[in-house]
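Below is one structure, written out as structure tokens; comments come after it.
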Amino acid sequence: MVAGRLKRVAAVAANTFRETVRERVLYNLVFFAILMTLSGLLLGELSIRQDEKIIKNLGLASMDIFGTLIAVFIGVGLVSKEIERRSLYPLLAKPLSREEFLLGKFVGLGFTLLVNVGVMTVGLYLTLVATGRGIDWSLLKAIYAILLSLLLTVALALLFSTMTSSTLAAVFTVCTVVAGRFSDVVRNMRDVSQAVPEWLVRLVYLVVPNFLNFDIKDHVIYGDPIGGGLLARLTIYAASYAFVVLGLAMLRFRSRDLT
Amino acid sequence: MNRLLPYAFLGFVPLVPLVQGSLDRDFGQLAAQSNRLYLQTGEQVRWFCPGFEGVMAGIYWLRAVQYYGSERAFGSGTSYQNLAPLIEITNALDPRLELAYRYGALFLAEPWPNGPGKPQAGVEVLERGIRNLPEAWRIRWDLGSLYYFFLHDHEKAAAVLLRGAKIQGAPFWLESLAASMLGKGGDRATARQVWKTQYDNAPEDAIRDNALHHMQLLDALDEVDALNAAAGKFAERSGRSPRSAQELVGSGLVARVPTDPPGVAFDYDSRTGRFAIAKISKFWRPRYDQ
């Protein structure tokens with residue numbers, strides 16, 4: 001029963017991965033390669049000995065930005081495209097539940113992002129080695145946190161795509177991600193406006209996904225100690241939030257009239 | 001016909017670099033960057049890039065270095081107006097980027113035309129650095145040097161160095177530098193010692209180059225003093241100033257036609273009988289008493 005379910009999810013995931021590759025999503029890696037090559041060649045001269053830091057910053061920021069763009073703009077099309085192209089109907093006629101379909105889409109795009117981030121990681125390390133720097137394994141901690149935030153973004157994109165058109169879903173997802181990156185502003189809202197009730201601030205702070213949690217890039221680059229405990233809590237936060245969002249997406253998708 | 005149309009359009013490709021080259025010639029290929037800085041504070045920049053402060057700090061730092069270099073090389077000399085905000089933005093976006101404080105202060109303190117000549121702004125940058133990185137002794141070393149060389153406040157310079165010497169990991173020579181500054185004030189030997197210490201200990205090529213430049217400048221000033229003394233002797237002997245540097249060489253009071261370390265001949269004013277660093281020399285600055 002469970003094995004069969006997993007098999008069906010895996011089949012949708014594999015198909016989603018193939019589809020994203022066919023849509024040339026991974027072409028962003030070419031841009032990344034050019035960026036890293038130019039950084040390696042030019043930054044040493046231009047930055048007065050700050051090239052290593054800037055290369056690391058650029059590499060990690062690229063993973064974050066490209067990954068977020070892919071998660072949002074491919075994520076919002078995962079469901080709506082299938083409906084528009086009417087390719088969803090024969091799929092659902094097979095022994096495949098809507099929940100399995102959604103999960104498969106999530107896992108498929110998640111895998112695409114994993115490959116994307118993985119190749120970028122190799123590129124970043126190659127650039128560092130080519131510019132005479134050592135391999136800094138602690139960067140993997142920041143990369144892992146970025147990957148978690150990307151998976152959460154995919155879940156949000158999927159939720160919104162089950163609710164509305166892909167354009168509006170993209171707008172909502174981008175707004176939520178940006179709001180999540182301003183979590184500190186939300187938390188300190190009462191410093192600016194005392195009139196806002198504290199419970200409301202607290203509620204908004206807890207409801208909006210806190211993407212700032214996953215931004216440990218600078219800490220890692222400066223060698224701050226990032227323990228396994230912190231990474232474990234980040235994983236639990238991302239997983240919990242993503243499960244809730246995926247649950248809502250499944251409920252919405254289940255109630256959607258697809259006839 | 002239709003099949004050939006795309007290739008006809010592609011035939012315009014060579015025109016793009018050709019026209020660009022011509023535009024560059026008209027506008028001046030080496031013109032300084034645009035002086036516009038739309039966002040003036042780190043807080044403003046932060047609003048546009050939540051979660052990407054680190055990479056933006058890197059980009060603003062590159063921009064500050066390029067801006068300083070382009071203003072120094074091609075600027076009108078009245079500008080450098082964006083240098084302080086660019087450095088402030090870099091510091092705000094990445095308060096732990098030590099070099100941005102150190103170089104930022106140096107850029108700001110350099111006298112015109114090599115910089116905006118704002119040592120007090122440089123002091124503010126370094127003090128900001130001390131607040132954000134209290135354990136960074138090199139920032140205090142730079143602050144002491146800045147007080148010493150640019151503000152000529154030897155007591156403050158020594159006090160800053162002594163505080164820096166107390167930081168764990170600070171080198172022993174900070175204390176001896178402070179003692180020299182307190183003991184001899186602004187004499188050239190102390191200045192040479194301070195620059196030599198920088199030259200011997202700075203890990204960055206640019207800081208070593210800067211220290212070497214200042215040591216050579218001190219050599220040039222010593223040379224000018226020696227030449228002026230020789231010209232004075234010549235005047236005592238012959239009742240008039242030498243007509244040229246060559247005449248002074250011919251008198252045997254100096255061995256050769258004098259030049260600064262890179263080989264630029266010193267200016268000589270036969271009316272006053274005084275030598276000075278040539279205005280075309282890289283060592284010349286308006287503030288020098290020559």
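The values are calculated or read from the model by the stated rules, or taken from the named source; none is laboratory data. Predicted model, so just to flag it, every value in this text is computed and none were measured. Every residue, glycine as well, gets a Cβ built from its backbone with ideal geometry; the counts of neighbours run over all protein chains shown.
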Options B:GLU175, B:GLU135, B:GLU124: the member that is in a helix (DSSP H, G or I) and modelled with pLDDT of 90 or more: B:GLU124
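One line per residue, one yes/no per condition, for (1) in contact with a His (Cβ under 8 Å, 6 or more places away or on another chain); (2) in a loop (DSSP other than H, G, I, E, B); (3) closer than 30 Å to A:LYS217 by Cβ; (4) modelled with pLDDT under 80:
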position: B:PHE12; (1), (2), (3), (4): no, yes, no, no
position: B:TRP47; (1), (2), (3), (4): no, no, yes, no
position: B:PRO50; (1), (2), (3), (4): no, yes, yes, no
position: B:ALA64; (1), (2), (3), (4): no, no, yes, no
position: B:ALA105; (1), (2), (3), (4): no, no, yes, no
Matching residues in the stretch A:201-233 (within 14 Å of chain B (Cβ to nearest Cβ) and either in a helix (DSSP H, G or I) or in contact with a Phe, Trp or Tyr (Cβ under 6 Å, 6 or more places away or on another chain) (or both)) number 10
Tally up the residues in the stretch A:172-200 that are among the β-branched types (Val, Ile, Thr), free of Cβ contacts under 8 Å to residues at least 24 places away in the same chain and within 14 Å of chain B (Cβ to nearest Cβ), please. 4
Before we move on, is B:ALA84 of a type outside the set (Val, Ile, Thr), farther than 27 Å from B:ASP187 by Cβ and more than 18 Å from the chain's Cα centre (by Cα)? no
If we ask which residues in the stretch B:76-86 are at pLDDT 90 or above, closer than 19 Å to B:ALA206 by Cβ and more than 14 Å from chain A (Cβ to nearest Cβ), their number turns out to be 1
Tell me yes or no: at least one residue of the stretch A:23-31 is part of a helix (DSSP H, G or I), at negative phi and within 12 Å of chain B (Cβ to nearest Cβ). no
Take A:ALA142 and tell me if it is within 14 Å of chain B (Cβ to nearest Cβ), in contact with a Leu (Cβ under 7 Å, 6 or more places away or on another chain), touching a residue at least 24 places away in the same chain (Cβ under 8 Å) and among the aliphatic types (A, V, I, L, M). yes
Note on the stretch B:90-118: residues within 14 Å of chain A (Cβ to nearest Cβ) and of a type outside the set (A, V, I, L, M, F, W, C) are B:THR90, B:ASN91, B:ASP94, B:PRO95, B:ARG96, B:GLU98, B:TYR101, B:ARG102, B:TYR103, B:GLY104
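Yes/no matrix, rows are residues, columns are (1) more than 30 Å from B:ASN114 (Cβ to Cβ); (2) in contact with a strand residue (DSSP E or B) (Cβ under 7 Å, 6 or more places away or on another chain):
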residue	(1), (2)
B:ALA231	no, yes
B:ALA235	yes, no
B:SER238	yes, no
B:LEU253	yes, no
B:SER281	no, no
Hey, A:THR112 under 13 Å from the mean Cα position of the chain (by Cα) and within 14 Å of chain B (Cβ to nearest Cβ) or not: no
Confirm whether A:ILE70 is within 14 Å of chain B (Cβ to nearest Cβ), in a helix (DSSP H, G or I) and under 30 Å from B:ASP94 (Cα atoms). no
If a residue must be part of a helix (DSSP H, G or I), touching a Leu at 6+ places or on another chain (Cβ under 9 Å) and either over 20 Å from A:GLN50 (Cα atoms) or of a type in the set (Gly, Ala, Ser) (or both), how many such residues does the stretch B:70-84 contain? 5
Take residues that are in contact (Cβ under 8 Å) with a residue 40 or more places away in the chain, on the phi < 0 side of the Ramachandran plot and surrounded by 15 or more Cβ atoms within 10 Å (Cβ to Cβ) and tell me which of the helices (runs of 4 or more DSSP H) falling wholly in the stretch B:182-262 contain 2 or more. B:188-201, B:205-238
Test set (1) at pLDDT 90 or above; (2) touching a helix residue (DSSP H, G or I) at 6+ places or on another chain (Cβ under 7 Å); (3) within 14 Å of another protein chain (Cβ to nearest Cβ) - A:THR16 fails condition number: (3)
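Quick grid of which residues meet (1) more than 14 Å from chain A (Cβ to nearest Cβ); (2) modelled with pLDDT of 90 or more:
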residue	(1), (2)
B:PHE27	yes, no
B:SER70	no, no
B:PHE74	yes, no
B:GLU88	yes, yes
B:GLN120	yes, yes
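Matching residues to (1) in contact (Cβ under 8 Å) with a residue 40 or more places away in the chain; (2) outside any loop (DSSP other than H, G, I, E, B); (3) among the aromatic types (Phe, Trp, Tyr):
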{"residue": "B:TYR38", "(1), (2), (3)": "no, no, yes"}
{"residue": "B:MET56", "(1), (2), (3)": "no, yes, no"}
{"residue": "B:TYR68", "(1), (2), (3)": "yes, yes, yes"}
{"residue": "B:LEU86", "(1), (2), (3)": "yes, yes, no"}
{"residue": "B:LEU108", "(1), (2), (3)": "no, yes, no"}
Helices (runs of 4 or more DSSP H) within the stretch A:77-154 that include 1 or more residues surrounded by 15 or more Cβ atoms within 10 Å (Cβ to Cβ) and among the aromatic types (Phe, Trp, Tyr): A:98-130
Return a yes/no flag: does the stretch A:189-200 have any residue that is closer than 30 Å to A:LEU60 by Cβ, part of a helix (DSSP H, G or I) and modelled with pLDDT of 85 or more. no
